[in-house]
Each structure stands twice: as structure tokens, then as C-alpha cells.
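In what follows, a structure is listed as C-alpha cells, so that the remarks can point back to it.
Where a number appears in this text, it was derived from the coordinates with a stated rule and is not lab data. Worth saying up front: this structure is predicted, and the values here are computed from it rather than measured. Positions of Cβ are generated from backbone atoms using ideal geometry, with glycine treated the same way; all protein chains shown enter the neighbour counts.
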Amino acid sequence: MKQKRKEEGRLQKAEVHAAVSVAGVAAALAAIAVEATDSNALKQVAVASATALVAAQCAQVAEAIGAKSGQINSAISTAIAATDASSIITLTAAAATSLRGAATLRERAGHKERINGSELTLLYDDFDFTKCRGSLAKGDEILVGSPNGNYKLRWVSVQNKEGRVLLKLKKFGFSPFCSSSESIIFGLDSNPYEEQNEENENSLSIQITTNKGKIKLRFDELAKKKKWMMSINHMLTVSAFLCKS
């Protein structure tokens, strides 16, 4: 019973976060429509009114399922202040990530978790993409697998540059001229929303497809692996939006 309540709480929190994210996107679009409105253009006025109505309805839905007024107002204020193309793409990608996360939890409703030890709270709770993106850009010590199956410790970082997701691997050493390599990430070979039931070599590893082939990263805990998987997946989503725009 206690476990079931915990799962229901996670689901509700994920759904609230998704609803607030969508409300933020709607608010940003409404702000853009208002900025572009010409008082003499009936069509633009109509579009501005329609987007404002959708934004208001999204906010009401978010509040109806449990979002606090302060949480909604904060999301809307942030969205309205960021109406450039890059910000809209990031907001949209964040909302899409939140919706997928909530949908995954909804599908698992009623099932018990079989994970022992550290819970993958990053999957269930609010996913702070901005914070995680900064963490990946800074980098971390991660074991990198070679084609022959051997692993070597490298300083690994991932970041968005000019619409591409770049993976940088750097050797350890005292010299500032330590060699490093950079490749373009095309995709992940694992689903970031797939639940792992136990910690082993495979569950702690992810395989990334790049322009230089497959690269395997092995982490020391599931929570860190999830953070990197979801962040990279999110960056790829943003990159895809940029390519289409």
C-alpha cells in the first residue's frame, strides 16, 4: 500500500510538471502572437486571441490536476520573457520530455518497482534540463569502452553547438595539451525511459552512435546514467527542432 501511494505520488508530480511545461509553451506562443499583432490585421488579432485562450486553458488544466498557482505563474513568466526561436525550441523540447516521462509512468501504474538501492528519482521527478545540460557541458570522469571491450577512464563532456550534439573525450594528464577527441552524436542505442531492474555491467552502460562509430560509456550508478541519458536525449530533441526550423 505504501509503495502504491509512492508510485501514485510520482505519477501525479510528473503529470503536473508536464501540464505546467505545456502551459509555458502555450504562454510563450501567445506572447509572440500578441507581439506580432497589427491592430489593422483581423487575422493576427484572431490568432492572438486564440493562443491566449489556449494558454489560459492550459494553465487551468495544470491547476486542476494539482499545480500550485506560484508554480504556474513562474513557468508562464519565464516563458513570456523568452520568446526567441532558440528559447521556444528548448521550451517545446522540455515539454515533450515531460510528457513522455509522464506517459511512461502512467503505463507502469499499478506495477511494483523492483529496483533495490538508489531510486531513479531523475526519471520520476522534475527533470531540470538546464541544470543537467550545464553539468554535462562541464564533464565528468567516465569509463569509455573501446571496440576490443577494454575500458579506460576519460574526462567526458557533451554539449550543443551550432545545432549539433557533440561528445568530447579527453585523456587524463598533467599537461594542458593532453589529447582529446570530438564527435557528433547521432543517437542513443537505449531508451532513456526504460526502467532497469538491477545494477550490473549492462544496466550501468549506455551506447552512443556518433559519426566516428559506436561509443560505450559505463557509469558507477544508475542515477548518473539516467541523468546523462535523459540529457543527451533532450539535446538531440532540441537539435532536431533546430534542423527543422
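Some points to look at:
- The stretch 2-107, Rg to Rh (Cα coordinates; Rh as Kirkwood inverse mean 1/r): 1.07
- Per-residue Karplus couplings for the stretch 77-84, computed as 6.51 cos²θ - 1.76 cosθ + 1.60 with θ equal to phi - 60°, are listed in order as 4, 5, 5, 5, 6, 10, 10, 6 Hz, Gly and Pro entered as x.
- Mean Cβ neighbour count within 10 Å, used as a protection proxy, ranking 66-78, 155-167 highest first: 155-167, 66-78
- For Ile185, the amide hydrogen comes within under 5 Å of the amide hydrogens of Val165, Leu166, Leu167, counting only partners 5 or more places away or on other chains and with H modelled in the peptide plane.
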